[in-house]
Structure formats: C-alpha cells, structure tokens
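Please read the structure below before turning to the comments.
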Amino acid sequence: MTKIATIEYVQRRAALLQQLPVGAVVVIHCAAAQIRNGDVEQDYRQNSSFYYLSGMVEPHTTLVLVNSVDGPRSIIFCRSKDKLQEIWHGRRLGVDAAPEALMVDEAYVSETLPQQLVELLDGATQVVYRFSQDESIELVQQSLVKLRRLSRQGKVCPTQLVDLDPVLDAMRLIKSVAEIEQMTQACNISVAAHKRAMRQCKVGMYEYQLAAELHHQFSVQGSQRVAYGSIVAGGDNACILHYTNNDQRLQDGDLVLIDAGCELDHYASDITRTFPVNGHFSEPQKIIYQIVLAAHEAALACIKPGAVYTDMQDAAVTVMVQGLINIGLLSGTLEANIEDQSYRQFYMHNIGHWLGMDVHDVGAYKAGGESRPLLPGMITTVEPGIYIDPEDMTIASQWRGIGVRIEDNILVTEAGYRNLTGDLPVSVADIERLMAS
C-alpha cells in the first residue's frame with residue numbers, strides 16, 4: 001500500500017500560507033489522547049486537519065506556521081525521546097529526527113511551546129487557529145494575555161484572530177491526485193470486504209460474526225482501522241439508520257444491510273449494500289430494492305461539474321416517491337408528496353455527504369446561500385434508502401420491516417464522475433450470483 005509522500009504535506013502548508021497575509025501565524029494542535037475506561041486509553045487516531053498539514057501521527061504535538069516577511073517557517077513541537085517511556089508505550093520520532101522526517105524547518109520539545117509561542121506571536125498580523133479546538137483556544141488566549149502584559153517592553157500583541165477551519169475545510173474538500181489514489185485504495189479494500197461478507201453470509205449467523213468477516217478483510221489488506229462503527233443490520237434492524245448493536249441472529253427470509261468502510265492512512269471509505277440473508281430476494285424485497293436502485297442511478301446521472309449538490313437529492317426523491325406511489329405506500333400526486341415531504345416517513349436522510357479524511361468530511365454544502373456547485377476533485381457518497389417501519393400496522397405486512405440502502409463513493413471528474421466503489425455488485429441478479437458463488 002502506498003502512502004501520501006511527505007512533500008505533499010509541505011505543499012499543503014505552502015498553499016495554506018499563500019492564502020494568508022504576511023505576518024500571519026497558524027497554530028494547530030494534534031488530537032488529545034482519550035481515556036476509554038479506567039486508565040486505559042482509546043486507540044489513538046490523529047486529528048484529521050492536523051495530520052493533513054503535518055503527516056505526524058503522534059500525540060502531544062503542535063504545528064506552528066509563520067508567514068514571515070523572510071519566507072514561510074514551519075515549526076513542530078513534539079515529545080522528546082525517552083527510553084523508559086518508549087519501552088512502555090512505543091517509539092517516538094523525537095526532536096532531532098522530526099525536521100527531516102516531516103520536512104519542517106525547526107523542531108522543539110512540546111514543553112517549550114507556551115514560552116516560544118509568545119515570541120512567535122509578537123508583532124504577528126493575525127493569529128490563525130481552530131476556534132473549535134479547546135486546546136488551541138486556551139493556548140492562544142494565554143499567549144495573548146502574556147503579550148499584552150509585555151507591551152511596555154516593546155511587545156506587540158496581534159489584534160486579528162482568524163478561524164482556521166473554513167480555510168482548511170475548503171482545501172480538504174478538493175482532493176489531490178495523491179489523495180484520490182489513497183481513497184481509491186481504501187475503497188478497493190472495502191469492496192473486497194463487502195464481497196467477502198456476501199459470500200460468507202448464511203442463515204443463523206450473528207450480525208457481529210458477519211462484521212468480523214468485513215474487519216478481517218480490512219486488516220489483511222492493510223487497513224489500520226474502520227472508518228466508523230460498522231453497521232450490520234438484519235431484518236427490522238435495517239430500519240434503524242445508525243444501528244451498531246450487531247448482536248442479533250440473521251434470519252431466513254430477511255435482508256441484511258451492511259454499512260461499513262475501512263480507513264487507510266487516515267482516509268475513509270463508506271459503502272452500503274443490502275442483500276438477502278439466504279441469497280434470494282423475496283418479491284416484496286426485490287420491489288423495494290429496485291426502487292432504491294433506480295433512485296441511486298438517477299442521482300448518479302446528475303453528477304458532473306456545474307451541477308449542484310441538491311440535484312442528486314431531487315432526482316432520487318422523484319424516483320422513490322413515484323415508486324412508492326406505484327406500490328401504494330404513498331397516495332396522491334408526485335408533486336404533492338414532494339412538496340409536503342410525506343416521503344420522509346420512508347426516507348429520512350439526505351442523499352449523501354462529503355468523504356475524505358473524515359467519513360462525514362469537512363466542507364460547506366452551500367455557497368452564497370445556495371446549494372454548492374460540484375467541482376472536480378470532490379468526493380461524495382450517494383446513498384438513497386427506503387425504511388418501512390416494522391411497527392406501523394397501517395402498512396401492509398408484506399412491506400413492514402424492509403430496510404434498503406445503497407451507497408457508493410463518487411469522485412467528481414472533469415467529464416462527470418467516477419464510482420470508486422463501482423466494482424461491488426449492486427443489481428439483484430449480480431448480488432444473488434455472487435452469494436451463490
């Protein structure tokens with residue numbers, strides 16, 4: 001598996017500073033370590049925005065970028081080497097190795113950050129940091145208080161505070177060639193895992209056993225972790241959108257909805273497929289599935305540069321509403337059902353979300369108050385679904401408890417789109433054929 005080259009992080013830092021005035025100082029922290037229970041820590045996963053600029057996976061690290069008149073400076077504050085701590089907790093990069101490994105200009109131990117930041121902010125035109133990150137807020141405010149107290153010694157406190165997130169979010173929304181390659185690899189791993197789950201599925205398995213088939217395939221192909229908690233929802237559980245208990249037996253005659261994706265070097269994939277536990281769709285299941293599949297195809301057909309994000313939702317809703325009217329689950333006209341959103345009884349969410357380093361990735365969905373135009377390099381999920389309440393006795397029994405979602409990962413290209421997860425079977429015939437194999 002290839003990883004994004006270190007030079008790409010250098011280019012990202014340069015691109016960020018090019019958007020800021022001379023004299024700006026950027027301060028960004030790593031993710032804090034989190035306690036799972038007792039004194040046991042959660043598996044550490046780096047903050048996406050910090051990793052996007054640094055490539056650094058260790059905790060207790062801060063990156064400072066200075067847009068100096070003499071040229072940009074990149075400074076990393078990280079943990080020092082410590083033999084005893086490394087025996088217990090693993091190797092550290094250390095200050096001496098950090099400049100070459102991360103391609104930064106300078107490196108210092110983290111303990112020196114509070115004092116050094118005061119000097120770095122002296123005379124800065126603006127301080128750029130994440131308003132959403134408590135550690136950054138506290139550190140910057142403490143530094144500014146110290147600078148104000150030193151004004152009679154000639155220190156100049158910055159007066160402009162700028163939120164880093166909107167600038168960085170816009171950068172992260174458009175994927176580079178290297179990022180697209182990384183996400184393609186993640187998608188390929190997840191496609192293989194979903195295929196494995198379809199082949200291994202059988203009546204009487206527990207949902208968590210089917211999840212284990214996915215996770216096994218993720219790991220053996222090089223994925224470090226799941227991108228999010230895997231959903232393996234048999235029968236009625238598929239009508240719970242974020243079902244993660246995964247503790248029920250898979251029953252003969254039921255569908256199972258799997259929403260799962262791996263993460264590869266901090267880049268996510270996110271796939272959903274719905275298929276019959278016994279390998280054969282019943283007629284009611286097939287009817288609902290075909291409606292969702294047609295909506296999925298209609299949404300994909302909208303994707304091209306210049307289209308807006310809501311075009312996909314509008315296309316999918318039109319197809320699903322008409323399909324639900326045709327089988328009697330909705331009544332009245334297509335237009336009336338869309339206008340009063342009566343379809344929300346069966347389709348509660350929107351068509352998708354940005355995908356990248358986070359499974360629900362950063363980036364605005366509107367620009368100038370309107371739905372955002374699609375641009376090459378954006379990656380979005382497309383995931384229409386129909387969920388029929390198993391407890392709604394006003395609905396005919398043949399439909400109750402059917403939950404279907406189909407989700408693919410879509411790259412917007414100059415010519416239209418590329419389905420990064422398109423190798424995973426999606427038609428009724430192809431799914432049944434794969435399960436039979």
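The values are calculated or read from the model by the stated rules, or taken from the named source; none is laboratory data. From a predicted model like this one, the values you see are computed outputs, not experimental measurements. Cβ atoms come from the backbone with ideal geometry, glycine included; neighbour counts cover every protein chain shown.
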Report task. For residues that are closer than 21 Å to Asp165 by Cβ and among the small types (Gly, Ala, Ser), scanning just segment 113-153, find the one that is modelled with the highest pLDDT. Result -> Ala124
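Which one is farthest from the chain's Cα centre (by Cα), of the residues in segment 190-244 that are basic (Lys, Arg) and over 22 Å from Ala268 (Cβ atoms)?
Of all residues in segment 190-244, those basic (Lys, Arg) come to 195-196, 199, 202, 225.
Keeping just the survivors that are over 22 Å from Ala268 (Cβ atoms) gives 199, 202.
Details: Arg199: 27, Lys202: 30 Å.
Across segment 190-244, the extreme among qualifying residues is Lys202.
So for segment 382-390 (the condition being without any contact (Cβ under 8 Å) to a residue 24 or more places away in the chain and over 27 Å from Pro425 (Cβ atoms)), does at least one residue qualify?
In the first step, residues of segment 382-390 are kept if they are without any contact (Cβ under 8 Å) to a residue 24 or more places away in the chain; the result is none.
Looking for residues that are without any contact (Cβ under 8 Å) to a residue 24 or more places away in the chain and over 27 Å from Pro425 (Cβ atoms), one finds none in segment 382-390, hence no.
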Report summary line: The condition from (1) of a type in the set (Gly, Ala, Ser); (2) over 21 Å from Ile303 (Cβ atoms); (3) in contact (Cβ under 8 Å) with a residue 40 or more places away in the chain that Ala429 misses is numbered (3)
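Any residue that is within 28 Å of Ala186 (Cα to Cα), surrounded by fewer than 17 Cβ atoms within 10 Å (Cβ to Cβ) and either modelled with pLDDT of 95 or more or among the basic types (Lys, Arg) (or both) - is there at least one of those in segment 388-408? Can you show your working first?
Residues of segment 388-408 within 28 Å of Ala186 (Cα to Cα): 403-408.
Filter again for surrounded by fewer than 17 Cβ atoms within 10 Å (Cβ to Cβ), leaving none.
For segment 388-408, residues within 28 Å of Ala186 (Cα to Cα), surrounded by fewer than 17 Cβ atoms within 10 Å (Cβ to Cβ) and either modelled with pLDDT of 95 or more or among the basic types (Lys, Arg) (or both): absent.
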Query raised in the report: Would you call Phe218 buried (at least 24 other Cβ atoms within 10 Å of the Cβ) and assigned by TED's automatic domain parsing to the domain that holds Val362?
Result: yes
Query raised in the report: Within segment 409-427, restricting attention to residues that are surrounded by 22 or more Cβ atoms within 10 Å (Cβ to Cβ) and among the hydroxyl-bearing types (Ser, Thr, Tyr), which residue is nearest to Leu374 (Cα to Cα)?
Result: Tyr417
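Residues are listed down the side, and each one gets a yes or a no for (1) of a type in the set (Ser, Thr, Tyr); (2) loosely packed, with under 13 Cβ neighbours inside 10 Å; (3) under 24 Å from Asp134 (Cα atoms); (4) modelled with pLDDT under 95:
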| residue | (1), (2), (3), (4) |
| --- | --- |
| Ile4 | no, no, no, yes |
| Val27 | no, no, yes, no |
| Gln42 | no, yes, yes, yes |
| Gly55 | no, no, yes, no |
| Pro59 | no, no, yes, no |
| Ile76 | no, no, yes, no |
| Arg92 | no, no, no, no |
Report task. Test Glu414 against the stated conditions and say whether it is charged (D, E, K, R) and within 19 Å of Ala260 (Cα to Cα). Result -> no
